[in-house]
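Structure, as structure tokens:
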Amino acid sequence: MNGAPSAETATEPIADIRALFDIYQSGVAWHCVCAISRLGVPDLLAGGARPVAWLAAEAGADEDALRRVLRLLSGHGIVTFDPVPDEVSLTGRGRLLCASHPMSLQATFATLGISDVAHALTETLTTGHAAAPGVLGTGFWEYLAPRPQEQTTFGRAMVEQARLLSLPCLPLLDWPESGVIVDVAGGVGVLTAGALQEAPGATAVLVDQPQVLTLAGPYLESQGVSGRYALHPGDLFVPPPPGDLYLLARVLHDWDDAAAVRILRAVASGAPREARLLLFEDLLPEHGVPASQQSWSDVAMMVLYEGARERTLTEYRRLLEHGGWRFEKVVTGPPGMSVIEAVRGTAPAESDIGEVKP
């Protein structure tokens, strides 16, 4: 042995080093986008280029700090930074961060969420528990409930995401000619409005917490469904009003198996025998590696909410069975969303509920 490097180590892995540094640096860029979204900087730039000094004054930011953040984001295609007049303008990508943009993602970046707790992921890895309580001082939902401004931003983020994921599924489904659609934990009513537009002979009941429903009325009125809906303050674990078709959109992935079964049981307990259920959820593959977006969402659920996870169809079928529903079929929507259709079944005894293993 003469100490010569092996074939594997003779060449430095420059490309891999760069890729790792891209991951390292992209985390800072992510937080920069969240920060300028929370300060409303993209909206201040919606009318065109503006001096950094003016932006800082309007946004309540430190001028030097803002300049340095915007300079970083210019390298990520969010803004164009011109150092000579010290002005910044939005790119097409950056305009998606304006609240007024029809496809806005402003609230998705501005809301309380994974960007606020991901730094505590090591705790989740070592304990197996969500990191949010340790960071926020309480569970995510408990933290959000008494904070109306953050509740509003979170609601708008859910609108943005429903527009991209859930709403494109609606034309693919068979809607009733009449009857009552009950949207459980439906937020401000994005899916409620979409369902009523697809089923012009139906009416709807939107169920959510009182502080959320205060935002729902104005939204639903703006969607042309006036007079066709009722707002019902409720809790996920309490039976909702009776209906013919129930919607649960991106709800169950926020909860552990036992809680998910309790939610399904609550819906089933007040449902007529012929009632149907539509679950809007992403489905992990039964075999093989999930898509990167699915794995990202699964880790986000793990960090934010105790016991939360993305699931496979087999896992959802078991939840339905234990929750009093009988699986019928799956309708595949855009990437990141499927709709599981089920009908009212017979729930087993409480002692029969078992954990759904990943």
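The values are calculated or read from the model by the stated rules, or taken from the named source; none is laboratory data. What you see is a predicted model, and the numbers here were worked out from it, not measured in a lab. Methodologically, a virtual Cβ is constructed for each residue, glycine included, from the backbone with ideal geometry; neighbour enumeration extends over all protein chains shown. With ligands, DNA and RNA removed, areas are computed over all heavy atoms of the protein, side chains included. Shrake-Rupley method; radii C 1.70, N 1.55, O 1.52, S 1.80 Å.
Numerical summary
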item	result
Residue order for H101, H119, H76 - accessible surface, 1.4 angstrom probe, largest first	H119, H76, H101
The chain: DSSP helices with Cα axial extent of at least 20 Å and average Kyte-Doolittle hydropathy no lower than -1.0	14-38, 148-165
Surface accessible to a 1.4 Å probe, E341 within the full protein complex, Å²	10 Å²
Positive-end residue, the chain charge dipole about Cα centroid, Cβ charges, pick of G187, F81, P42	G187
Unit charges at the beta carbon, dipole of the chain: most positive-side option, A15, A65, T332	T332
Neighbour net charge for A216 - beta-carbon separation under 14 angstrom, K R +1, D E -1	-1
Value of [θ]222 nm, deg cm²/dmol, for the chain, DSSP H segments ≥ 4, -39500 (n - 2.57) each, nearest 500	-12500 deg cm²/dmol
Fully extended contour minus Cα-Cα distance, from L313 to R71, at 0.36 nm per residue	82.7 nm
Area of C98 that stays accessible when all protein chains are in place (1.4 Å probe, Å², to 10)	10 Å²
Candidate residues F140, F237: accessible-area rank, largest first, probe 1.4 Å	F237, F140
Most to least accessible of W30, W325, W255 (protein chains only, probe 1.4 Å)	W30, W255, W325
Fully extended contour minus Cα-Cα distance, from A29 to A230, at 0.36 nm per residue	68.1 nm
W175 accessible area, 1.4 Å probe, all protein chains in place, Å² to nearest 10	40 Å²
Charge-dipole axis of the chain as Lys and Arg at +1 and Asp and Glu at -1 on Cβ define it, positive-most pick from L247, A162, P176	P176
Those residues of region 60-80 whose amide nitrogen sits under 13 Å from the label point placed on Q293, 7 Å along Cα→Cβ	none
Inter-label distance for T126 and R147, nm, one decimal - labels placed 7 Å from Cα along Cα-to-Cβ	2.5 nm
